[in-house]
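**Student:** Input: one structure, supplied below.
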Amino acid sequence: VSFGFSDGQRLVFSLEIRKERDETFSALGGFFRKFEQVIVASDERDLIRTRSNVRGEQVYLYRLRATPAQLRSVLLDYLGRAERLRRQPEFYNTLTSNCTTILFELARRIDPALPLDYRLLASGHFAEYAYDQGALTSGLPYTVLRDRGHINARAIASDADAHDFSQAIRAGVPGIAAPAGSTVSDQLLKINRP
């Protein structure tokens, strides 16, 4: 999840496993307390570019429909969760404590009536679930949002330009206006591992 601020800066959060040297991710290992979890906070170029340009993961950007107060709440919840992990480490769990379940947990704080759904258990399907709940840009089919929100080509093309990376990856994404002045904005990033 990426948060934009009025000064144009952006902060991205990602819940991940904390890999040790020579350790690789295993969904099966994620069921058996093999990995500690960590929340990574970074600027977009560092976190997103690593996934799209270096690792070759497929990255999608969507505009969320949320008020500034709701976004502020989610941002503070991410910070609070990161602080709790710092004080009391937890294990990553492929099913119950992963990059999708944290989004659902935080979204439920905004809307406690959000229903459970099978897509919450499978990484890579949260955006479609969010679309069906009316949380993404409206007026277009989900397939169009997904196609226009696929940012890999734009991320690779803007690799050398650190200053305009955030603007470049947003070009053509529905619901995101062309840059004029900086405004508070919010996006949901979905990363599909190869």
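**Student:** Taking the options T96, T101, T50, name whichever one is closer than 27 Å to G8 by Cα and free of Cβ contacts under 8 Å to residues at least 24 places away in the same chain.
**Tutor:** Matching residue, one of T96, T101, T50: T50.
**Student:** Within the group R154, R119, which residue is surrounded by 17 or more Cβ atoms within 10 Å (Cβ to Cβ) and either more than 19 Å from P174 (Cβ to Cβ) or touching a Cys at 6+ places or on another chain (Cβ under 7 Å) (or both)?
**Tutor:** R119
**Student:** Check whether at least one residue in region 74-82 is farther than 27 Å from Y142 by Cβ, among the hydrophobic types (A, V, I, L, M, F, W, C) and touching a strand residue (DSSP E or B) at 6+ places or on another chain (Cβ under 6 Å), and report yes or no. Can you show your working first?
**Tutor:** Initial filter on region 74-82 (farther than 27 Å from Y142 by Cβ): 76, 79-82.
Next cut, among the hydrophobic types (A, V, I, L, M, F, W, C) only: 76, 79, 82.
Checking which are touching a strand residue (DSSP E or B) at 6+ places or on another chain (Cβ under 6 Å) leaves us with 82.
Within region 74-82 (the criterion being farther than 27 Å from Y142 by Cβ, among the hydrophobic types (A, V, I, L, M, F, W, C) and touching a strand residue (DSSP E or B) at 6+ places or on another chain (Cβ under 6 Å)), the answer is yes, since at least one residue qualifies.
**Student:** So for region 133-144 (the condition being hydrophobic (A, V, I, L, M, F, W, C) and over 15 Å from the mean Cα position of the chain (by Cα)), does at least one residue qualify?
**Tutor:** yes
**Student:** Could you list all residues from region 65-76 that are farther than 15 Å from L11 by Cβ and either at pLDDT 95 or above or in contact with an Asp or Glu (Cβ under 7 Å, 6 or more places away or on another chain) (or both)?
**Tutor:** Listed by number, the list holds a single entry, A66.
**Student:** Another one. Inspect region 134-143 for any residue being assigned to a helix (DSSP H, G or I) and either open to solvent by 80 Å² or more (accessible area, probe 1.4 Å) or touching a strand residue (DSSP E or B) at 6+ places or on another chain (Cβ under 6 Å) (or both) and give the result as yes or no. It would help to see each step written out before you state the result.
**Tutor:** So the first thing to find is which residues in region 134-143 are assigned to a helix (DSSP H, G or I), and the list is 142-143.
Narrowing the set further to residues that are either open to solvent by 80 Å² or more (accessible area, probe 1.4 Å) or touching a strand residue (DSSP E or B) at 6+ places or on another chain (Cβ under 6 Å) (or both) leaves 143.
So far as region 134-143 goes, yes, one or more of its residues are assigned to a helix (DSSP H, G or I) and either open to solvent by 80 Å² or more (accessible area, probe 1.4 Å) or touching a strand residue (DSSP E or B) at 6+ places or on another chain (Cβ under 6 Å) (or both).
**Student:** So if I check each of R148, R193, which one is open to solvent by 70 Å² or more (accessible area, probe 1.4 Å) and either at pLDDT below 90 or in contact with a helix residue (DSSP H, G or I) (Cβ under 8 Å, 6 or more places away or on another chain) (or both)?
**Tutor:** Values: R148 fails: either at pLDDT below 90 or in contact with a helix residue (DSSP H, G or I) (Cβ under 8 Å, 6 or more places away or on another chain) (or both).
Just one listed residue meets the conditions, R193.
**Student:** Now a separate question. Pick from region 109-125 the residues that are farther than 15 Å from R65 by Cβ and part of a helix (DSSP H, G or I): which of them is farthest from the chain's Cα centre (by Cα)?
**Tutor:** Y118
**Student:** Just name the residue that is surrounded by the most Cβ atoms within 10 Å (Cβ to Cβ) out of those in region 50-88 that are within 13 Å of the chain's Cα centre (by Cα) and of a type in the set (K, R).
**Tutor:** R63
The values are calculated or read from the model by the stated rules, or taken from the named source; none is laboratory data. Computed from a predicted model, the values in this text were never measured in an experiment. FYI the Cβ positions are ideal-geometry reconstructions off the backbone, even for glycines, and counts take in every protein chain you see. Side chains included, ligands, DNA and RNA excluded: accessible areas come from the protein's heavy atoms. Shrake-Rupley method; radii C 1.70, N 1.55, O 1.52, S 1.80 Å.
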